[in-house]
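K.L.:
Take a look at this one; I'll ask things after.
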Amino acid sequence: MARICVVGSLNMDLNVETPRVPSLGETVIGDGFYTTPGGKGANQAVAAAKLGAEVVMIGCVGDDEYGAQLTEGLARAGVDTSHLRVTPCAATGIALVMLSEHDNCIIVSPGANALLTLQDISDLESVIAASDMLVVQLETPLETVRRAMELARAHGIQVLLNPAPAVVLSEDFLALADILVPNESECLILAGLSADPADGLERVEEAMRALVQMASEDGMPRVSSHKVVVTLGGDGLMYNDGAVVIHKSAWQVPVVDTTAAGDSFTGALAVYLANGATFEDAVDFAVAVSALTVTRKGAQESLPTLEEVLDFIEKHHNSNREPS
Ligand code: RIB
């Protein structure tokens, strides 16, 4: 069984459905409101656990009701929560999620996530070293992500970095990752390219190539080209197999809520790769997992079990998917 260590965020998602996203200074009357457990780190941990991996999570929550609920939710999904720190100094992180037109926009208030420290990570070196794969994102302080990646590399542990939300990162930071999984806009930001819708996917391909180059060290690629995967939402994904860019289409499914689609993809990719699958098989499986995720509401609540994914693949494969 794959052992995954996730270092990252836990948020309570405060969701509101709205016919449209308001402009600055405007008030819009929305529809339903509900809270759901989220946070990119916690979502990825739950995704991996539900797919059968042994998962341990390192993170920080506040000493409050949301923190307790998030921790219980992780534990129910089978995630080892014994290394989560509870701080009295900040409230648990929250995310304001506006759901509109089958898409979302999110504002995160990190709260306790911002209080994860270098010492927390260093103290848990043995936990990272005991895993097959480290999974990190960018919702905890950058120095904690870097320290976790450095420790993983020192112990020969594979590192999967989901650089979300995107910030400009140094080349040596990127070079600490073995596998990079940005979405389209994150890929452009990381590569320092502006988004130009007129350029379409060619622009993203250019950014992906730049990213591979940036993650090189002394001219030697540290993130090999076939290990940068760019998720494209309804347009599927692309990755570079070393020679040519491979494009995979998304599954055609009724979209209910895209929250955590990228997290489900990341968690699934980590599990399959840690289990020794080929990169293409891992990507194909992760695409199916994210397709099933967007057919359901919420973040962690929408994440499928391995049985559900296998059933979904059996029922829908070939009949419901456009050719890649
Ligand atoms: O990736 C989705 C997640 O981003 C949400 O659950 C929200 O908490 C934010 O972290």
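The values are calculated or read from the model by the stated rules, or taken from the named source; none is laboratory data. As the structure is a prediction and not an experimental result, all values here were calculated from the model. Cβ atoms come from the backbone with ideal geometry, glycine included; neighbour counts cover every protein chain shown. Accessible surface is based on the protein model in full, side chains and every heavy atom, while ligands, DNA and RNA are left aside. Shrake-Rupley method; radii C 1.70, N 1.55, O 1.52, S 1.80 Å.
K.L.:
Can you give me the long-range amide H partners of L193? Hydrogens built in the peptide plane at 1.01 Å from N, cutoff under 5 Å, separation of 5 or more residues or another chain.
P.N.:
Correct list: empty.
K.L.:
Separate question: Mind ranking 294-303, 246-255 by how tightly packed they are, going by the mean number of other C-beta atoms within 10 angstrom, highest first?
P.N.:
294-303, 246-255
K.L.:
Multiply the residue gap between R85 and A129 by 0.36 nm, knock off their C-alpha separation, and tell me the result in nm, one decimal place.
P.N.:
Full extension from R85 to A129 adds 13.9 nm.
K.L.:
Now, a different point. Distance in nm between label sites at S249 and E17, each 7 Å beyond Cα in the beta-carbon direction?
P.N.:
According to this spin-label approximation, the distance is 2.9 nm.
K.L.:
Continuing with the same structure: On the protein heavy atoms, probe 1.4 angstrom, tell me the percent of accessible surface of region 113-152 carried by carbon and sulfur.
P.N.:
The nonpolar share, carbon plus sulfur, comes to 52 percent.
K.L.:
Label A210 and Q119 with points 7 Å out from Cα along Cα→Cβ: what is the distance between them in nm?
P.N.:
4.0
K.L.:
Could you check what % of the DSSP bridge pairs in region 31-128 are antiparallel, to the nearest 5?
P.N.:
Counting only bridges with both partners in region 31-128, antiparallel ones make up about 60 percent.
K.L.:
Cα to Cα, under 19 Å, and not fewer than 8 places away if on the same chain: which lysines meet these conditions relative to K50?
P.N.:
K40, K297
K.L.:
Please get the size of the charge dipole for the chain, origin at its Cα centre, with Cβ charges of +1 on Lys and Arg and -1 on Asp and Glu, quoted in debye to the nearest 20.
P.N.:
I would put it at about 280 debye.
K.L.:
Also, I was wondering about something else. I need the peptides 128-139, 90-101, 64-75 ranked by packing, meaning the mean over residues of other C-beta atoms within 10 angstrom, with the highest value on top.
P.N.:
Packing proxy ranking, top to bottom: 128-139, 90-101, 64-75.
K.L.:
Tell me, Kirkwood radius of the chain from alpha-carbon pair distances, in Å?
P.N.:
Details: mean 1/r = 0.0509 Å⁻¹.
With all distinct Cα pairs of the chain included, I get 19.6 Å.
K.L.:
Here is a follow-up. Per residue, how much accessible surface does the chain expose to a 1.4 Å probe? Answer in Å², no decimals. Numbers along the way, then the final one.
P.N.:
Details: 13670 Å² over 324 residues.
The answer is 42 Å² per residue.
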